[in-house]
Amino acid sequence: MAIETLPDFLSAEKCGRLVIKIGSALLIDDGGDVRCEWLRSVITEVKAARDRGQDVVIVSSGSIALGAARLGVSGGGRRTLSEAQACAAVGQIALAGAWAELLWEQGLVAAQMLLTLDDLEERSRYLNISATFSRLLGEGVVPVVNENDTIATDEIRFGDNDRLAARTAQACTADGVILLTDVDGLYDRHPAQPGAQRLPEVRGVTEEIHRMAGGESGSGVGTGGMTAKLLAAELAERAGIALSIMDGTPMNPIGRTMETGGGTLFLPKRDDSGRRAWIGGRLRFAGALTVDEGCVRALEAGKSLLAAGITGVTGRFERGDVLPIHAPDGRMVAKGIVEYGHEEAAAILGKSIEDQQAILGHAPRSCVVHRDHLVLL
């Protein structure tokens, strides 16, 4: 059974495991403190989900904002990377303490998990994270996840907790993701514009859907605008995970959304296996491949990527790395595990398999990216 409607997020049969993401603007007040009464109302909903038999994982923003308030840093603590790291180091303790205390009031045990982009991009670490989630949830614990901003740099950070929530959902094999934010869903234009209409359901994030989103966080406190939420929806939908954007501002926001019929539901287009979901969810790459139109059609028909169809190789990558594959117009059409390093791939691009042995000095592999290790986007 799969999620088909918004109320299905409250069904243990259709959503046995749920990820709830909470943004900084909802969690932290103007004075830099945790909005405890609001958070208690959310935790009441978490407790209700646990009582229904659902596992719940929280992805919580707020550490930098909390730390900035405690350090007396103006501007939210994000003016420089070192400032954000210092604020996060202070704020993570306060954030974890708030979650642990308020969950314990409901008889729930909290666990803190601080992750970076690299933790979820590197396969063995990803599997370790998945195993940790499995054990914690099996013990009835509520994991509270945040990006480890104390050590994350511009090169190894998500930059927003929306995509972190989607990747967390993949790692813990969740059925659904709820993004609580300060708007009640996706609109066909900026919600402040006359005639703006909320989209109650989206089946597949397209370029047209992306054009509806602005790129900024409305509050100025967080980092994830609607664009980030659509990117998260894309990551989720490739793994067969439903995602909903809900208005988190009222008390008991999830129940309130169910009552009013608000929010936007993103339904998955397919259900990739665990390994394919990991490949499709990769966000950082050491290089890229560009292919011709004939190769694009072959990939869409389920074929492997052959060197003859490659027109460009960029970056410095090794065999076993995950690379994006681009069409001639620059569109990313697939991601896959490459069978060659960058030097060999550059040497054989555009060459038939008959010519590759003379170039490489050894028998070539059957393909550059095998179809079993390739995910279409």
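With the cut-off at 17 Å, report for the range 56-127 the share of all Cα pairs above it, as a whole percent.
Values: 1358 of 2556 pairs.
Percentage above 17 Å: 53.
Counting only alpha carbon atoms, the long axis of helix 81-105 and the longest principal axis of the chain meet at about 60°.
Put in line by how crowded their Cβ is, counting other Cβ atoms within 10 Å and starting with the fewest, Y340, Y187 read Y187, Y340. Counted over all Cα-Cα pairs of the chain, pairs farther apart than 31 Å make up 39 percent. Here the Karplus curve 6.51 cos²θ - 1.76 cosθ + 1.60, taken at θ = phi - 60°, turns the phi angles of the range 313-325 into couplings of 10, 10, x, 10, 10, 10, 4, x, 6, 8, 10, x, 10 Hz, with x standing for Gly and Pro.
Normalised by 2.2 N^0.38 Å, with N the number of residues, the alpha-carbon radius of gyration of the range 52-92 equals 1.49. Helix 161-171 versus the longest principal axis of the chain: what is the Cα-based angle in degrees, 0 to 90, to the nearest 10? Result, in degrees: 70. Relative to the longest principal axis of the Cα atoms of the chain, helix 226-238 runs at roughly 60 degrees. Remark: the range 366-377, residue by residue, has Karplus-estimated 3J(HN,Hα) of 5, 7, 8, 9, 6, 4, 6, 10, 10, 10, 6, 9 Hz, where x stands for each Gly or Pro and the curve is 6.51 cos²θ - 1.76 cosθ + 1.60 at θ = phi - 60°.
Hey, in the GNM for the chain with a 10 angstrom Cα cutoff, which one of S82, S63, S74 fluctuates hardest? Per the Cα network of the chain with a 10 Å cutoff, S74 tops the list.
To the nearest 0.05, how large is the calculated FRET efficiency for S134 and A2 if R₀ is 30 Å and r is the Cβ-Cβ distance?
My answer for the efficiency is 0.90.
Going by neighbour counts of Cβ atoms within 10 Å, the residues C295, C36 line up, fewest first, as C36, C295. Shape index of the range 231-332: Rg/Rh, with Rg the Cα radius of gyration and Rh the Kirkwood radius from the inverse mean 1/r over Cα pairs, equals 1.14.
What is the ratio of the Cα radius of gyration of the range 1-130 to 2.2 N^0.38 Å, with N the residue count, to two decimals?
Details: Rg = 16.5 Å, N = 130, 2.2 N^0.38 = 14.0 Å.
Scaled against compact globular proteins, the figure is 1.18.
The H on the amide N of Y187, modeled in the peptide plane, is under 5 Å from the matching H of L199, each at least 5 residues off or on a different chain. The residue among S11, G62, T173 whose Cα reaches farthest toward the positive pole of the charge dipole of the chain, with charges on the beta-carbon of Lys, Arg, Asp and Glu, is T173. Let me know the whole percent of all Cα-Cα pairs from the range 298-377 that are separated by more than 23 Å. Result for the distance tail: 12 percent.
Any idea what the dipole of the chain comes to, in debye rounded to 20, about its Cα centre with Lys/Arg Cβ at +1 and Asp/Glu Cβ at -1? Don't jump to the answer; show the numbers that get you there.
Working: 39 positive and 50 negative charges, 82 e Å.
Dipole of the chain, to the nearest 20 debye: 400 debye.
Every helix of 4 or more DSSP H residues in the chain counts as -39500 (n - 2.57), and over all residues that averages to -11500 deg cm²/dmol at 222 nm. In terms of surrounding Cβ atoms within a 10 Å radius of their Cβ, W104, W278, W99, W38 rank from fewest to most as W104, W38, W278, W99.
Bear in mind that the values in this text are calculations on the coordinates, not laboratory data. In this text the structure is predicted, and so the values were computed from the model without any measurement. Cβ sites come from the backbone with ideal geometry, for glycine too, and all protein chains shown count toward neighbours.
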